[in-house]
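Notes follow the structure.
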Amino acid sequence: MSNIRGIVTVADIKFVALSEHDFQSCIDVAQKLCKTMIDRRNLHSRDVMEKFNNILMGEVAEMMVIRWLHDNGKYAVSAVDKNSGQADLGHDIYLKEKNTGVDIRCSVKSSLSYKLPPQQILQYSKLASTRGEMTEVNIQVYFWLVLNPDRGANRVTTPSINNAAIFSWFGSKDIKPTEYSRYETEEREAPNTTLQNGRKMDTLLDFIEDIE
């Protein structure tokens, strides 16, 4: 894949509406995973409610990406057996390379901002992947809260599909191994480059195969 990147703006991020059936499927999977998933060693210990919310956001993020790709006529299937109760193997979705049909591993990361709106998420937030977690395609979905809204607007104090979007993606070689540092509050690394320096989601459509 070409290594050329453009600046991603708010106009480039993708909002995706999920059906009640899609959302219920995400809840069902999150309930199974909540019983079996073990916290990563490089993250803080989570209680059952925090773990469930984190898993649910991850399932919703994956569903959003699959739905957006399908809406654009592109092949995308989950790489995870949703009935197994087991977490993914480092990637969430299989895509197919255009013209060759070769499988492409796609990782979808979900994060939550309690204070930044989309424009500032693009400017200051990063792909939530370590060097070892990078796959061929790495997509970042963000949820954001609105704790101090403008006059006349509603507060958003819990994760919401209406306040979630697919922000940008990175290829496996877009971020150099030297371009990582650790979070201030976690024993976990993240890229130094921000989401606005990733690739616009529409550019992914040029690389992947259509639905047959």
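The values are calculated or read from the model by the stated rules, or taken from the named source; none is laboratory data. Please read all numbers here as calculations on a predicted model, not as lab measurements. Cβ atoms come from the backbone with ideal geometry, glycine included; neighbour counts cover every protein chain shown. Note: areas computed on protein heavy atoms with side chains; ligands, DNA, RNA excluded. Shrake-Rupley method; radii C 1.70, N 1.55, O 1.52, S 1.80 Å.
FRET efficiency for residue 115 and residue 210, Cβ-Cβ distance as r, R0 = 41 Å, nearest 0.05?
The computed FRET efficiency comes out at 0.55.
Measuring against 25 Å, Cα to Cα, the residue pairs 51/126; 14/98; 35/126; 32/200; 109/173; 35/109 contain 35/126; 32/200 as the ones spanning a longer distance. 3J(HN,Hα) along segment 113-124: 10, 8, 9, 9, x, x, 4, 6, 4, 4, 6, 10 Hz, from the Karplus curve 6.51 cos²θ - 1.76 cosθ + 1.60 with θ = phi - 60°, whole Hz, x for Gly and Pro. The residues neighbouring residue 147, those whose beta-carbon lies less than 9 Å from its own, together hold a net charge of +2 under the Lys/Arg +1, Asp/Glu -1 convention. Sorting 91, 70, 21 on solvent-accessible area from highest to lowest, probe radius 1.4 Å, gives 21, 70, 91. Take the Cα of residue 82, step 7 Å toward its Cβ, do the same at residue 94, and the gap between the two points is 1.6 nm.
From the list (i) 20.7; (ii) 18.8; (iii) 17.7, can you say which value of Kirkwood radius over Cα pairs in Å was derived from the structure given? Working out Kirkwood radius over Cα pairs in Å from the coordinates points to (iii).
Each of 78, 163, 207 was placed along the dipole of the chain (beta-carbon charges, centred on the mean Cα), and the one lying farthest toward the positive end is 163.
Quick one: ranking 59, 212 by accessible area, 1.4 Å probe, largest first, what do you get?
Largest accessible area first, the residues go 212, 59.
Rounded to 0.05, the FRET efficiency of the residue 35 and residue 202 pair, given R0 = 35 Å and the Cβ-Cβ distance, is 0.35. Within the listed set 202, 22, 81, the Gaussian network model of the chain (springs between alpha-carbon atoms below 10 Å) gives the highest mean-square fluctuation for 81. Applying 1/(1 + (r/R0)^6) with r as the Cβ-Cβ distance of residue 184 and residue 102 and R0 = 45 angstrom yields a FRET efficiency of 0.70. Counting only protein heavy atoms and a 1.4 Å probe, the chain has 56 square angstrom of accessible area per residue. For the chain, adding -39500 (n - 2.57) for each run of n ≥ 4 DSSP H residues and dividing by the number of residues yields -8000 deg cm²/dmol at 222 nm. Note: relative contact order over the chain, using C-alpha pairs below 8 Å and six or more positions apart, is 28 percent.
Carbon and sulfur atoms: what percent of the 1.4 Å accessible area of the chain do they account for? Numbers along the way, then the final one.
Values: 5760 of 11790 Å².
Carbon and sulfur atoms account for 49 percent of the accessible area of the chain.
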